[in-house]
Amino acid sequence: MDQSSIQGTIFDIQRFSTHDGEGIRTNVFLKGCPLACVWCQNPEGIDPKIEPIWLPDKCIYCKACSDYAPAAISWDGDNLVINYAYQGDWSKIIEKCPTTALRFNAGKMTVLQLITELKKDEVFYKFGGGVTFSGGEPLIQIDFLELALIASKQRGWNTAIETALNVSWSSIERVLPYVDTLFADFKIFDNHEHMKHTFVSNNLIKENIGHLLTSEFKDKVIIRTPLIPIYTATKENISMIAKYISKIYPEVKYELLNYNPLAISKYPFTNLTYCFSDMNPTAYTNEEMLYFQNLALESGIRNLVKI
Amino acid sequence: MDDLIMTQRISKLKEKIHSNVRYASIEQAKIITDTYRANEDKPKIVQRALALKASLNRIEISIDPDELIVGNRTAGIRYGVVFPEGGTTWVDEEFEKLPTRAQDPFEVNQEDIIYFRENIKPYWETKSLEDVIQERYSNEINEISTVVKINQKDHAQGHICPDSKTWLAKGPQGLLEEAESYLENCPEEKKDFYKSVIITMEGAITFIERYADLANKLSNDSTIANTEERKISLIKIAENCQHISRKSPETFHEAVQLLWFLFVILQMESNASSFSPGRIDKFLYPYYKKDIDNGTITKQDALEIVESLWIKFNQIVYMRNSHSAKFFAGFPIGFNIALGGLDEKGNDFLNDISYLCLKAQEHLGMPQPNLSVRLHEKTSDEFIETAIKVVARGSGMPQFFNDKSVIPALREQGIEYVDALDYAIVGCVELTTQGNNLGWSDAAMFNLNKLLELTLTGGVDLLTSKKEKYIYSDQGDLATFSNFAELESAFAKNMDRYIGLMIKACEYVESAHIEILPTAFLSSVINPCLSEGIDVTAGGAKYNLSGIQMIQVANLADSLAAIKLLVFDEKKVSGAEFLEALKSNFQGYEPLRQMILNRVPKYGNDNDYVDNLGTRWAEYFKNRLSLYKNYRGGNYHTGMYTVSAHVPMGEVVGASPDGRFAKEPLADGGMSPMYGRDLEGPTAVLKSVSKLDKNLTSNGGLLNMKFLPKFFENEESIKRFVSFLRAFVELEIPHIQFNVVNRQDLIEAQKDPDRYRSLTIRVAGYTAYFTELATALQDEIIARTSYGEF
Ligand code: SF4
């Protein structure tokens, strides 16, 4: 295939992203994920399709959209209804919206286009920053991702990816040489629970963790568990995960991510329901974080990553 | 440095500043008027010198028993001084309203008002700077005032960094002797100048001696010197003042005391904003080092002295007329101090004093001094981190300057390399060399957005419907321009004309200063005025620049981009319709306004389409300006900072093509994007700003950013901020500063000002107490984009 024509589906590019890796980074969010965690922080990144969406807060109800394409857009009171079956040119309709309340939830980009965008903050990468590919699951767009990583490395940028590892080992192998840090999520140890809340088995994930932590790239890996009250933030779960990974590689780097209550704010723009839609817990306090960190340490972790 | 503390003494002094009531004082006005009356026959420069001397001899002085550094120009703290040589008409008109005005109010005494009206005002009616300018040039200045604000019309020029090093080395006695020796051999026409310098130095000596006497007296008064500590420090003050009144300082404490007297006396001579100390870590260091080496002081002692000076910087405010107070809201007196930076060999310069100053700022967090840090590629991580931790505490200081941008920009203005390396800052962000420059950095503010409005309407003011006299009427308007080039050429022609008219007005003002406000004392600390026998107002300084501020490139760029894209490139709307929308303040045109806001690139998002338009017009303005020389033979150059003028200068601009409603504030800062429109984050802002050539801001540029406190919570974030500032240096942006504050706190402070009396906020290139700002300005600050939300 002609490499310059390979496109990625990207739902956001965030400059000055200050998580996930060192320094000031640009974070590229690739759309589509094989998991569907009930607490997902980027629910708009689960479905790989590009679709029109409507943001009621931005809408001024000028009806420019529905006047132009009544077959595609209709109204149910103050609610705009998108007719997803509409086969015409959506971009023409979206162009009519003055506020961008009506928009696509993602876009397509070639590697060259992406690199041009990432280059904008190149001066910041020089002082300890870089680029991070996240998602969704970046590895399911492996052809695009591999090329984007190679191009980034050619420019001398520090690179990181965030993955949930539910992909074939061969995909992971392809990117490892071009990645400085690989953040791998290991959310729930018990497979039954894992299936229940993420809708996939964790067999492949465990297998990949095994490969990773015994490979020559094992020191690039940081295993992470997002602390979700009830679901992942339990004594058993953290201890089991910590034991499991430190057994494979005693020097493994492990990080516990605090619960982010803001994730809920994205759900109104999707047709998914958040796991805590009724009562959203708050983030863990420093003491609570310390408790979980101690659990990990007691279970064999030597290199706990803390920010 | 981590173990250094803020002493009881300092916290007491800080508390007293907050609890003090601010009065408008006519004490010095009385002395000046009496002196002028008694010396009618003398030349102006001598009259002024005598008036200063009389003030120094007679003004009531006070010492707080907790002080270590003494001196003020009024007995009370933060008094506003009525200064008749600058102007009395505005005082006459506004005296009764001073206590109730929205911005910078002062209490008044009824008897003062009566005395002022009967005895002071009548004398100055034809003599003060304000009155003279008003009588001779008001037409010329008013006719262009919708577009151009001419400054320095009712007060002396400040914004000067004196030669503190020489002042400390020679003291008033040394300078007096020097003037005497010049006087012996100078030509006749220079005699008055030297005589005047001598008169002012005599006054300075007496003034300092008076403090020695008072301290002595108080130290023997057991009701005041009621603790051992107080008695000791009062005796120390007496000894220090006695020594430095005639001799150069021997100790750090004496040096700081003498330095402070310099600034008090400069204020008493000129009553102007922004006499700035500059690089105190450079010129105070030898005194500090000697004491530390001798073991006569500890770091903690030195810090207490520095913090005492910090307190002093907060005790002088500058009372402006109510119009001007809107433009310079919240008392930006501008004691600017520059820390770090390159030394004369181009190496990194830092010492204990640099760190002590940061410590003082961390402890006190008050609006003054205006603390600046000079950054460059070789600045140590440690120093940047220390500075960031101070910023994170929220006073908005230190602000950061970039040697990599500033030094070459100053060189471009003809400044020698050694002088450029040693640059400092005056006032907010105005760049200067030290001790040899009359930068006249606030000569005028040019409202680019008003000029664009008048160009688009063919000369009709959108707010008043008046026809503007000097807008070319034969160039058509937005409804008739057939392409963007036509619009641009109409804009250029109008700009050329207004620049020409502005230059004339600036010349009038400068000529009035030479005639009415010669300043002998100041001239003695600006090189080479003393050796040449030329007053600084008359061009005696080595460098004689004039700075014009472009207000605001951000809105101009956004406006031009909107018209270019929607009317001419994509033809989404006709010029006529767009013009109608502006005339109706977008009433009935919300979809168009939304299209402007959402579909047109905005400055601050790293988008060349719009950024290049801003750069192009800023360059045009600067190049046009560079065709002129000022009254003292120096260059006109440009700055991009507003102080707080973006609010009043927005009030006079109708709906603008960037989607801004009529009368709303313009973008803040000077190089900052319009608030709420920078959606790509802080790196994109830096990138947009970096496209503005450094030579556009040789008079100073200002970039404001607001971060949430939680961004600075951990070491990792501090490191990240270091890299942010390293990129800032690399991008050759002249200036950046940070407000670190929660939006909610500001809203609370608006509701409950008493509880938030000490909350300080970065307005423009200066910090003010948030609750002392008028509501419109508070609202604008709240509306600025915050970063660090996750
Ligand atoms: S065009 Fe946009 S703003 Fe107007 S009604 Fe449709 S979605 Fe809302």
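The values are calculated or read from the model by the stated rules, or taken from the named source; none is laboratory data. On a predicted model such as this, the values are computed, not experimentally measured, just so you know. A quick note on method: Cβ atoms are made from the backbone with ideal geometry, for glycine too, and the neighbour counts reach across all protein chains shown. The accessibility values were calculated without ligands, DNA or RNA, using every heavy atom of the protein model including side chains. Shrake-Rupley method; radii C 1.70, N 1.55, O 1.52, S 1.80 Å.
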Self-check item: Averaged over B:685-694, number of beta-carbon atoms from partner chains that fall within 10 Å
Solution: 1
Quiz item: With all protein chains present, how much of the accessible area of chain A (probe radius 1.4 Å) comes from carbon and sulfur, to the nearest whole percent?
Solution: 52
Quiz prompt | Relative contact order of the stretch A:1-143, pairs being alpha-carbon contacts under 8 Å that are 6 or more residues apart, as % | solution = 41
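Can you pick out the pairs among B:153/B:629; B:191/B:247; A:58/B:572; A:58/B:493 whose Cα atoms lie more than 31 Å from each other?
Too far apart for the 31 Å limit: A:58/B:493.
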Quiz prompt | the protein assembly as shown: equivalent-ellipsoid semi-axes (sqrt of 5 x gyration tensor eigenvalues, Cα, Å) | solution = 57, 37, 25
Quiz item: Along the principal axes of its C-alpha atoms, what lengths does the stretch A:52-104 span, in descending order and rounded to whole Å?
Solution: 26, 21, 17
Quiz item: Applying the Karplus parametrisation 6.51 cos²θ - 1.76 cosθ + 1.60 with θ = phi - 60° to the phi angles of the stretch B:39-46, what ³J(HN,Hα) value in whole Hz is obtained for each residue in order, glycine and proline being reported as x?
Solution: 10, 4, 7, 8, x, 4, 5, 6
Practice problem: Could you work out the relative contact order of the stretch B:435-558, using alpha carbon pairs under 8 angstrom and six or more residues apart, expressed as a whole percent? | Solution: 44
Quiz item: Over all directions, what mean area does the Cα convex hull of the stretch B:362-513 project, stated in square nanometres?
Solution: 14.2
Self-check item: With Cα atoms, 0 to 90° folded angle of helix B:8-19 axis to chain B main axis
Solution: 60
Exercise. Using amide H atoms built 1.01 Å from N in the peptide plane, name the residues 5+ places from residue B:668, or on other chains, whose amide H lies under 5 Å from its own.
Key: B:675
Practice problem: Treating the Cα atoms of chain B as identical point scatterers in vacuum, please give the log10 of the normalised Debye intensity I(q)/I(0) at q = 0.07, 0.08, 0.11 Å⁻¹, two decimals. | Solution: -0.49, -0.64, -1.24
Quiz item: Counting only heavy atoms of protein chains, what accessible area per residue, in Å², does chain B have with a probe of 1.4 Å?
Solution: 32
Quiz item: How well do other chains shield peptide B:714-722, expressed as the mean number of their Cβ atoms within 10 Å of each residue Cβ?
Solution: 3
Self-check item: Chain pair B, A: total accessible area buried, heavy atoms, 1.4 Å probe, Å²
Solution: 2300
Quiz item: Which percent of the accessible heavy-atom area of the stretch B:538-695 goes to carbon and sulfur, probe 1.4 angstrom?
Solution: 49
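Where the only charges are on Cβ atoms (+1 Lys, Arg; -1 Asp, Glu), what is the dipole of the stretch A:52-104 about its Cα centre, to the nearest 20 debye?
Dipole about the Cα centre, nearest 20: 120 debye.
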Quiz item: Residue by residue through the stretch B:23-35, which ³J(HN,Hα) values in whole Hz follow from phi under the Karplus form 6.51 cos²θ - 1.76 cosθ + 1.60 (θ = phi - 60°), with glycine and proline marked x?
Solution: 10, 8, 10, 10, 4, 5, 4, 4, 4, 4, 4, 4, 5
Quiz prompt | Built amide H within the under 5 Å cut-off of residue B:706, gap 5+ | solution = B:739, B:787
Self-check item: Whole-number percent relative contact order across chain A, with pairs defined as alpha carbons under 8 Å at least 6 apart
Solution: 19
Quiz item: Among B:462, B:415, B:434, whose Cα lies farthest out toward the positive end of the dipole of the stretch B:403-477, if unit charges sit on the beta carbon of Lys, Arg (+1) and Asp, Glu (-1)?
Solution: B:462
Quiz item: Label-point separation (nm) for residue B:107 and residue B:181, each offset 7 Å from Cα along Cα-to-Cβ?
Solution: 5.0
Quiz item: Which whole number gives the average, over all residues in A:121-132, of C-beta atoms from other chains lying within 10 Å of the residue C-beta?
Solution: 5
Self-check item: Cut-off under 5 Å, modelled amide H: who pairs with residue B:339 long-range
Solution: B:372, B:373, B:374
Quiz item: Tell me, what ³J(HN,Hα) does each residue in the stretch A:243-252 have, in order and in whole Hz, if you take phi through Karplus 6.51 cos²θ - 1.76 cosθ + 1.60 with θ = phi - 60° and put x for Gly and Pro?
Solution: 5, 4, 6, 6, 5, 5, 8, x, 8, 4
Quiz item: Given 37 °C and 0.692 mPa s, how large is the Stokes-Einstein diffusion coefficient of chain A in µm²/s, with Rh as the Kirkwood radius over Cα pairs?
Solution: 158
Exercise. Please work out the Kirkwood hydrodynamic radius for the stretch B:297-418, using every pair of different C-alpha atoms, and report it in angstroms with one decimal place.
Key: 15.9
Exercise. Bin all alpha-carbon pair distances of the stretch B:457-560 at 10 Å intervals from 0 and give each bin's fraction as a whole percent.
Key: 12, 29, 23, 16, 15, 4, 0
Quiz item: So what is the accessible area of the stretch A:52-104 per residue, in Å², with the probe set to 1.4 Å?
Solution: 54
Quiz item: Using a 1.4 angstrom probe and counting only protein chains, how large is the accessible area of residue B:181 in Å², to 10?
Solution: 60
Practice problem: Give, rounded to the nearest 20 debye, the magnitude of the charge dipole that the stretch A:1-107 has about its Cα centre when Lys and Arg contribute +1 at Cβ and Asp and Glu contribute -1 at Cβ. | Solution: 160
Practice problem: Compute the distance in nm between two label points, each set 7 Å from the Cα along the Cα-to-Cβ direction, one at residue B:663 and one at residue B:377. | Solution: 5.2
Practice problem: Using a 1.4 Å probe and counting only protein heavy atoms, arrange B:616, B:101 so the residue with the most accessible area comes first. | Solution: B:616, B:101
